[in-house]
Amino acid sequence: MGAEQRETLETLLVVDADVHVHEDPAALAEYAEAPWDVALREIAKLPERYLDLPGMSPRADYRVPFPGGSNRRQIVTSAAELRDGLDGLGVDVAVLFPDHLLTLAMVRERGFAVALARAYNQWLYEHWLLEEPTLKGALTIAPQDPRAAADEVRRHRDHRQFVCVYLPGSGLRTLYGDESYDPLYAAALEAGWPLVIHSVEAVFPVFPFQLDGFRTGLSVHALAHPLSMVANMLSMLETGVPVRFPDLKVAFMEAGTAWIPWLANRLDKEYVERRREVPLLQTRPSHYIRRFFYGTQPIEEPENRGDVVKLFELFDGENQAMFASDWPHHDFDHPQYVFGLPFTAEARRKIMGENAVRFFGLEV
Amino acid sequence: MGRRELGIFNIGGEYHAIPNLCPHQRGPLCEGDVSGTLDFGPHTDWTLDWIWDGEVVSCPWHSLEFHVPTGRCVGLDDIRLRKFDVSLANGEIRVRV
């Protein structure tokens, strides 16, 4: 070893692009406008299950229960508790996403969805972002009402502890390429915030979540996340979002990365024959795909760990992938695993932190 | 035990010691719940069966299952935990490391 000190997880800047806080309905009721505060207090009387609260996170969990499995507490309820957990993982800076509002797109009552996002953002700002400067916020919007979403972005644009706009990616009635979202994208661009599409497992009667043909969580969880990403990315490419908003940065969170080269290659093949259907695109779809950003979690775990490095080469992961743990959820990735993959030292530094600094515009 | 943490399990009066370190992502394996697990195949006459009740520990981090009496990882046959000899003497549990 030379004079240069060997890098460890402790010496490296680690930005975690995806960490979850637990918003309970009683807390949000304090921030919600009438009459939705009344509804939230009613919901607060119900026993809470993981990402499953009637009315608030209507993501029915159909799994048959058996004893065993993880007994770890998978929610975090305060900034101090979260900071403590992240210290244990070796994470320096984290971007906070919600728990229940991962399913926000599935809330059928549009007014309630908008009120939930508003209440959550204000609660997050006061109880987490102002408490602990190393915790940054993803501003939640309700896709049910893109104009209200744009207003929400403008309302918080001076609160720079928010570092991105979070778009709920699962159970969405209108995919994110639709022009009805343009006012939201314009507002995000004006505020200087990138977009993060974050998926969640769901069986829901909206494309592509009609996954009730499967019997197991193995199938549903494996498919729901990447399908959410594939559907939204295709939608954004076919309406030319990266061309219409060239300065808007977009990231795809919680689907791993193996789906990216598949979609890129598939689309480049289609493009040869069907370019006239997407005349806004100026070049192969894969060129746009390599400009999007990607959370690493759940990072692939092939028997040969070097395969992850090869996979990352296929979508320029060295420059576009951002470490994400998904702490404290059941399928979180420990930073040590990603750190320990056989990347070059430079690629490791970028993936573990520098790419996120660039994407979120962090000052570190 | 020095820097090494072990978990000792009493399964039906027999003691078993395994490392408190999951080979997957180094989670605190022995803090996991102990249960049985599900099985299915020709050996169960093609009916879903609940087996090894009280003998399976699931890692609290990612739920990977291990059969404590044999140290076998239930799902990945290339992973086997180190097992330590445990003996009882004068009311003390002794582990040979």
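The values are calculated or read from the model by the stated rules, or taken from the named source; none is laboratory data. Not measured: the values here are computed from a predicted model. Note: ideal-geometry Cβ built from the backbone for every residue, glycine included; neighbour counts use all protein chains shown. With ligands, DNA and RNA removed, areas are computed over all heavy atoms of the protein, side chains included. Shrake-Rupley method; radii C 1.70, N 1.55, O 1.52, S 1.80 Å.
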Quiz item: assigned to a helix (DSSP H, G or I), more than 14 Å from every other protein chain (Cβ to nearest Cβ) and open to solvent by less than 20 Å² (accessible area, probe 1.4 Å) - does that describe any residue in the stretch A:62-83?
Solution: yes
Quiz item: Among the residues of the stretch A:84-115, which ones are open to solvent by 30 Å² or more (accessible area, probe 1.4 Å) and within 14 Å of another protein chain (Cβ to nearest Cβ)?
Solution: A:Gly88
Exercise. Please go through the stretch A:158-184 and pick out each residue that is open to solvent by 10 Å² or more (accessible area, probe 1.4 Å) and out of contact with any helix residue (DSSP H, G or I) (no Cβ under 8 Å at 6 or more places or on another chain).
Key: A:Asp158, A:Arg160, A:Glu179
Self-check item: Count of residues meeting criterion [among the aliphatic types (A, V, I, L, M) and touching a strand residue (DSSP E or B) at 6+ places or on another chain (Cβ under 6 Å)] in the stretch A:202-247
Solution: 1
Practice problem: Quick one: A:Pro183 ticks every box in (1) over 19 Å from the mean Cα position of the chain (by Cα); (2) within 21 Å of A:Ala356 (Cα to Cα) except a single one, so which number is it? | Solution: (2)
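Residue-by-condition table, conditions (1) in contact (Cβ under 8 Å) with a residue 40 or more places away in the chain; (2) in contact with a His (Cβ under 8 Å, 6 or more places away or on another chain):
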residue: A:Glu7; (1), (2): yes, no
residue: A:Asp16; (1), (2): yes, no
residue: A:Asp24; (1), (2): yes, no
residue: A:Ala39; (1), (2): yes, no
residue: A:Glu42; (1), (2): no, no
residue: A:Leu53; (1), (2): yes, yes
residue: A:Gly68; (1), (2): no, no
Quiz item: Across the stretch B:19-69, which residue is nearest to B:Arg96 (Cα to Cα) among those that are β-branched (Val, Ile, Thr) and facing another protein chain (nearest Cβ under 7 Å)?
Solution: B:Val56
Quiz item: Any residue in the stretch B:85-97 that is in contact (Cβ under 8 Å) with a residue 60 or more places away in the chain, assigned to a loop (DSSP other than H, G, I, E, B), of a type in the set (Val, Ile, Thr) and surrounded by fewer than 13 Cβ atoms within 10 Å (Cβ to Cβ)?
Solution: yes
